[in-house]
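Trainee: Got a structure for you, questions after.
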Amino acid sequence: MMRGRAFFFMLLMVSVMYLSVVAVPVQAAQLRVECPEVIGIGLPFVVKVESDEPLDKIRVEWAGKALQASGQKSSSMEFLLGTDVMKSKPGTETLRIVKLGLSPLSVETSILIEDRKFPEQRLTVPDEMVTPPAAVQARIERETAEIRKVLGTASPVSHLALPLIRPVPGDVSSAYGLTRYFNDQARNPHRGLDLKAALGDPVHAAAAGQVALAADHYYGGRSVFLDHGLGVYSVYMHLNEISVRQGEMIEAGQVVGRAGETGRVTGPHLHLGLYVLDLAVDPSALFFGKAVQ
Ligand SMILES: [Zn+2]
């Protein structure tokens, strides 16, 4: 009899516990995300995340890639994501944000990537810059692997401030996204921004960051890769001279080198690349503090 009563009591307790879980609304911590619903292909965009608690550890999943931010004391944070004229495809892409910790929270939303049409550009360069000789093939492969490794690394703290600083005052000579033909042969679209600059002009860092790579590459010539954190890199190519060392911390606006015409060029200019999680985005969208144009 006692055993039966104890069993009944236990059953009652379990039911009450169960009911209290399903019937009494619990004020759960929330994670809110603000981002565009539609984005043109090749454009960067800002994502804002807010929570009721400090966002000390966040994981962001976008376009099959992920980054982790840590050390945040604030309950809101902003970061940059984007799409790539060459690597992204028009259609819906999922953005997932997870607040890591003892009781993880996550939020998921979808963003529509819209196609855009880009003009054609035909350039004439020495033949070895269109079809590289076999002797430099290994060099190009090594450099490509080195670049992919750098741009694929997302460090956990952001140094980025928007709007970006214009690295040189010159106008845009070749916009982002141009469909390119070198000596009448189709090549990758233009995945950066060309700014007019004379030989020797100082080139300034678009934002604060750490020099992730300073090297002389076959296509990019003398190049500086700045790591702004959370997967964002700015890249300065075709420099005549590099003024910074790998590993060095750079302030926004600091001179990283002098403009030149090294690598695959038709004359002196600055090629500015901006990458987010190894996706090349249009830097010009971020010069005036407006992420989406
Ligand atoms: Zn360029």
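The values are calculated or read from the model by the stated rules, or taken from the named source; none is laboratory data. Quantities reported herein were computed from a predicted structural model and do not represent experimental measurements. Here the Cβ positions follow ideal geometry from the backbone for every residue, glycine too, while neighbour counts run over all protein chains shown. The area values use the complete protein model at the heavy-atom level, side chains included, leaving out ligands, DNA and RNA. Shrake-Rupley method; radii C 1.70, N 1.55, O 1.52, S 1.80 Å.
Trainee: Within region 43-57, how many residues turn out to be closer than 11 Å to Ser74 by Cβ and β-branched (Val, Ile, Thr)?
Mentor: Count: 1.
Trainee: Tell me, which strands (runs of 3 or more DSSP E) wholly within region 200-239 include 3 or more residues that are open to solvent by 10 Å² or more (accessible area, probe 1.4 Å), in the same structural domain as Ala135 (by TED's automatic domain parsing) and in contact with a strand residue (DSSP E or B) (Cβ under 8 Å, 6 or more places away or on another chain)? Spell out how you get there, then give the answer.
Mentor: Working: elements: 202-204, 209-217, 221-229, 232-239.
Result: 209-217.
Quick grid of which residues meet (1) within 21 Å of the chain's Cα centre (by Cα); (2) within 24 Å of Gly257 (Cα to Cα):
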{"position": "Lys73", "(1), (2)": "no, no"}
{"position": "Met77", "(1), (2)": "yes, no"}
{"position": "Glu93", "(1), (2)": "yes, no"}
{"position": "Leu151", "(1), (2)": "yes, yes"}
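Trainee: Something else now. Filtering region 243-283 down to residues that are aliphatic (A, V, I, L, M) and either within 16 Å of the ligand (Cβ to nearest atom) or not assigned by TED's automatic domain parsing to the domain that holds Val224 (or both), which residue is most open to solvent (accessible area, probe 1.4 Å)? Before the answer, list the steps.
Mentor: First, the residues of region 243-283 that are aliphatic (A, V, I, L, M): 244, 249-250, 252, 255-256, 259, 265, 270, 272, 274, 276-277, 279-281.
From the residues that got through so far, the ones that are either within 16 Å of the ligand (Cβ to nearest atom) or not assigned by TED's automatic domain parsing to the domain that holds Val224 (or both) too are 259, 265, 270, 272, 274, 280-281.
Details: Ala259: 1, Val265: 24, Leu270: 1, Leu272: 3, Leu274: 3, Ala280: 0, Val281: 0 Å².
Top of the filtered list is Val265.
Trainee: Determine if region 155-162 includes at least one residue that is assigned to a loop (DSSP other than H, G, I, E, B) and within 16 Å of the ligand (Cβ to nearest atom).
Mentor: At the first step, the residues of region 155-162 found to be assigned to a loop (DSSP other than H, G, I, E, B) are 155-162.
From what is left, the residues that are within 16 Å of the ligand (Cβ to nearest atom) are none.
No, region 155-162 contains no residue that is assigned to a loop (DSSP other than H, G, I, E, B) and within 16 Å of the ligand (Cβ to nearest atom).
Trainee: Could I ask something else about it? Can Ser243 be described as more than 21 Å from Thr144 (Cα to Cα) and polar (S, T, N, Q)?
Mentor: Working: more than 21 Å from Thr144 (Cα to Cα): yes; polar (S, T, N, Q): yes.
Yes: the conditions hold for Ser243.
Trainee: With respect to Glu93, determine if the residue is of a type in the set (D, E, K, R) and open to solvent by 80 Å² or more (accessible area, probe 1.4 Å).
Mentor: Details: of a type in the set (D, E, K, R): yes; open to solvent by 80 Å² or more (accessible area, probe 1.4 Å): no.
It is false that Glu93 is of a type in the set (D, E, K, R) and open to solvent by 80 Å² or more (accessible area, probe 1.4 Å).
Trainee: Can I ask one more? Please work out which one of (1) touching a residue at least 24 places away in the same chain (Cβ under 8 Å); (2) in a loop (DSSP other than H, G, I, E, B); (3) not β-branched (Val, Ile, Thr) is the condition Lys117 fails and give its number.
Mentor: All conditions pass for Lys117, except number (1).
Trainee: Whether any residue in region 51-70 is in a loop (DSSP other than H, G, I, E, B) and either within 30 Å of Asn183 (Cβ to Cβ) or out of contact with any Ser or Thr (no Cβ under 9 Å at 6 or more places or on another chain) (or both) is what I want to check. I'd like the intermediate steps shown before the answer.
Mentor: So the first thing to find is which residues in region 51-70 are in a loop (DSSP other than H, G, I, E, B), and the list is 52-56, 63-64.
Adding the requirement that they be either within 30 Å of Asn183 (Cβ to Cβ) or out of contact with any Ser or Thr (no Cβ under 9 Å at 6 or more places or on another chain) (or both) leaves 64.
For region 51-70, residues in a loop (DSSP other than H, G, I, E, B) and either within 30 Å of Asn183 (Cβ to Cβ) or out of contact with any Ser or Thr (no Cβ under 9 Å at 6 or more places or on another chain) (or both): present.
Trainee: So Ala63 ticks every box in (1) out of contact with any helix residue (DSSP H, G or I) (no Cβ under 6 Å at 6 or more places or on another chain); (2) at pLDDT 95 or above; (3) of a type outside the set (Ser, Thr, Tyr); (4) closer than 24 Å to Ser284 by Cα but one. Which box is left unticked?
Mentor: (2)
Trainee: Restricting region 170-197 to residues that are more than 16 Å from the ligand (Cβ to nearest atom) and either without any contact (Cβ under 8 Å) to a residue 24 or more places away in the chain or outside any strand (DSSP E or B) (or both), which is surrounded by the most Cβ atoms within 10 Å (Cβ to Cβ)? Step through it out loud before you land on a result.
Mentor: Of region 170-197, the ones more than 16 Å from the ligand (Cβ to nearest atom) are 183-186.
Checking which are either without any contact (Cβ under 8 Å) to a residue 24 or more places away in the chain or outside any strand (DSSP E or B) (or both) leaves us with 183-184, 186.
On the way: Asn183: 14, Asp184: 9, Ala186: 10.
Ranking the candidates gives Asn183 first.
Trainee: What's the number of the condition Ser234 fails, among (1) without any contact (Cβ under 8 Å) to a residue 40 or more places away in the chain; (2) within 16 Å of the ligand (Cβ to nearest atom); (3) not basic (Lys, Arg)?
Mentor: (1)
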